Amino acid sequence: MFEARLVQGNLLKKVLESLKDLLTEASWDCADTGIQLQAMDNSHVSLVSVQLRADGFDKFRCDRQLSMGMNLTSMSKILRCAANDDIITIKAQDQADNVTFVFESPNQEKVADYEMKLMNLDQEHLGIPETDYAAVIKLPAAEFQRIIKDLSQFGESVVISCTKEGVKFSAAGDIGVGNIKLAQTASVDKEEEAVTIEMQEPVTLTFACRYLNMFTKATCLAPQVTLSMSPEVPLVVEYKIGDMGHVRYYLAPKIED
Amino acid sequence: EQAQKPITQFFSQQ
């Protein structure tokens, strides 16, 4: 038996919003420690990893490990039927071929349940090594979204260049060149408005705008986003899911052939 | 010219 109840159901709605453009189907791996998902986009350029810890749920029961393969477009359609303040429960029997989503209004006066077929997905799992990144940049998630959106007008790629002074995002194309520089904030009233840089060495890497734009669909999840970079390894774009987990996107850099 | 590498080139299969 698997059952996970989340009073803050809108977190789950937001997680789905942040995945559905990148992935069409994926497996949710459930264990007594929580729920995890790891999947690559169709072209195998990027990887998404989601963690929802058991202690972040209001009720969590997972008697035996199970992998629930789901069509994320269908899951997203179902979660869109939940109101933002609904309590969401996900339930499945052991070795079941379907999953049930229960949405309760906060006053318990409306209860809806939706059943969805599970899929057998044969998915590759990649081992992500622990890495000490050369540069770790934290900035407001909405600012990052805006920068990527603005620079996507100029070209297909964004160059992210990090030094001690700050971080520079650049794009070039037929209409011209765009550069956006963010300095580390000296002092801010609100922590979520800060730009902070932890740097071991300067790094400059080039990434495809198309994917960065899809990653920023997770902006609704968290006030801040963390970018971790090292020379010639994938960028990590991380959004926290409340205090229960994270969505991490990994994107391979563009490298000289 | 810069080329997009697949993520599978950076992470090993488990």
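Each reported figure results from applying straightforward, stated rules to the coordinates on display, with no laboratory input. A quick note: this is a predicted structure, and the numbers were derived from the prediction, not measured. Backbone-built Cβ (ideal geometry, glycine too); neighbour counts: all protein chains shown.
For chain A, what is the mean residue ellipticity at 222 nm derived from helices alone (per DSSP H run of n ≥ 4: -39500 (n - 2.57); sum divided by total residues; nearest 500 deg cm²/dmol)?
Details: 4 runs with 36 residues, N = 257.
One gets -4000 deg cm²/dmol as the mean residue ellipticity at 222 nm.
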Quiz prompt | Cβ-derived FRET efficiency at R0 41 Å, B:ALA3 paired with A:ASP58, nearest 0.05 | solution = 0.30
Quiz item: What distance in nm separates the simple spin-label points at A:THR163 and A:VAL188, each placed 7 Å from Cα in the Cβ direction?
Solution: 2.2
Quiz item: Between rounded, prolate and oblate, where does the range A:103-143 land on the alpha carbon gyration tensor, with a ≥ b ≥ c its root eigenvalues, rounded for a/c under 1.5, else prolate if a/b exceeds b/c?
Solution: oblate
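I want to verify the translational diffusion coefficient of the protein assembly as shown in µm²/s; compute it with Stokes-Einstein, Rh as the Kirkwood radius over Cα pairs, at 4 °C and 1.567 mPa s. Mind dumping the intermediate values first?
Working: Rh = 19.7 Å.
It diffuses with D of about 66 µm²/s by this estimate.
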Quiz item: If you average 1/r over every pair of different alpha-carbon atoms in the range A:1-64 and take one over that average, what Kirkwood value in Å do you get?
Solution: 12.6
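How large is the dipole of chain A about the Cα centre if only Lys and Arg carry +1 and Asp and Glu carry -1, each at its Cβ, rounded to the nearest 20 debye? Intermediate values should be presented prior to the final figure.
Numbers: 25 positive and 38 negative charges, 105 e Å.
Result for chain A is approximately 500 debye, rounded to the nearest 20.
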Exercise. Residues in the range A:67-100, backbone N under 16 Å from the label point at A:ASN107 (7 Å along the Cα-to-beta-carbon vector): list them, ranges by number please.
Key: A:83-87
Exercise. Calculate the spin-label point distance for A:GLU232 paired with A:ASP85, positioning each point 7 Å from the Cα along the beta-carbon direction, and give it in nanometres.
Key: 5.5
